[in-house]
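The values are calculated or read from the model by the stated rules, or taken from the named source; none is laboratory data. These numbers come from a predicted model, not from an experiment. Glycine also receives a Cβ, built like all others from the backbone with ideal geometry; neighbour counts cover every protein chain displayed. All accessible areas refer to the heavy atoms of the entire protein, side chains included, with ligands and DNA or RNA removed. Shrake-Rupley method; radii C 1.70, N 1.55, O 1.52, S 1.80 Å.
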Amino acid sequence: MAKKLKVSKKHLGLDSQDFMSKFTMNLKYLELEFKKGRNLIFDLDNTLIDEKKYLFSAYKEISLKLNNYEIYHFLLENFNSKGRKYIYQKLKAQFEPKYFELENFLDILRNHNPTEKIITLQWFQEFIKILNINLPIYIITNGNVIQQKNKVKHIKFPEKVLLKKIIYANQLKKKPDPEAYYELCKQEEVNEAI
């Protein structure tokens with residue numbers, strides 16, 4: 001199954017010099033494996049893109065729909081300090097928006113169309129520069145299928161990236177269950193992947 005590339009200093013527990021060394025080694029590993037003929041399969045959220053860019057854009061739409069910009073700041077602060085768990089319930093308790101039920105909230109989150117393109121993370125852009133070739137990639141992603149499709153539709157991939165196939169794991173079994181990986185291998189005749 002695809003190995004997840006961790007590039008955060010916090011996750012690695014390294015100082016800046018060690019971090020860059022490990023980061024460069026991981027990129028080198030991906031480069032070598034690709035050159036051996038292995039296919040590259042990536043996760044979407046917080047691997048290829050910063051998921052917050054999409055969510056925060058959706059939060060802005062929610063605040064506009066409710067005609068209250070304070071809601072936007074409230075949602076951002078809550079997400080940044082406590083995560084997204086029960087964020088709708090916290091919004092409802094704080095602002096008591098009338099005629100704005102959970103279904104409305106989820107509908108905006110899932111069907112949101114950001115006004116700006118979502119840029120891939122810096123590590124991925126660096127990796128594409130290192131390879132300097134057209135790179136076919138595959139994505140396996142968890143999450144609401146409609147929302148994930150909207151994210152993908154708004155991603156600005158680096159010029160040399162060729163998105164071959166996306167498997168929406170929620171249509172099968174969520175990762176880490178390997179079913180989505182096996183389905184991708186079957187559909188695309190992928191034999192070796194990381």
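One quarter of the convex hull surface built on the alpha carbon atoms of segment 46-110 amounts to 4.3 nm², the projected area averaged over directions.
Kindly state, as a whole number, the per residue volume in cubic angstrom of the convex hull around the alpha carbon atoms of segment 79-136.
151
Spatially, segment 59-73 and segment 124-168 are offset by 29 Å when compared through their Cα centroids.
From Cα pairs below 8 angstrom and at least 6 apart in sequence, can you work out the relative contact order of the chain, rounded to a whole percent? In percent, rounded to a whole number, it is 26. The H on the amide N of residue 161, modeled in the peptide plane, is under 5 Å from the matching H of 135, each at least 5 residues off or on a different chain. Among the helices of the chain, those built from whole DSSP H runs whose Cα atoms reach 15 Å or more along their own axis and whose mean Kyte-Doolittle hydropathy is at least -1.0 are 16-35, 51-65, 69-82. Here is the list for segment 59-127: trypsin sites (Lys or Arg not before Pro) lying in DSSP coil, each with at most 16 other C-beta atoms within 10 angstrom of its C-beta, are 84, 85, 98, 117.
Here segment 30-188 exposes an accessible surface that is 49 percent carbon and sulfur, computed with a 1.4 Å probe and the other protein chains kept in place. Sorting 38-47, 69-78 by average packing, meaning the other beta carbons within 10 Å per residue, from highest down gives 38-47, 69-78. Computed over protein heavy atoms with a 1.4 angstrom probe, the accessible surface ordering of 99, 54, largest first, is 99, 54. Pairs spanning more than 20 Å between alpha-carbon atoms, out of 117/149; 36/151; 28/151; 129/174: 36/151; 28/151; 129/174. Rg and Dmax of segment 125-191, both derived from C-alpha coordinates alone, stand at 13.1, 35 Å. The shape of the chain comes out prolate: with a ≥ b ≥ c from the C-alpha gyration tensor, a/c is at least 1.5 and a/b beats b/c. The mean accessible area for residues of the chain, using a 1.4 Å probe and ignoring ligands and nucleic acids, is 60 Å² per residue.
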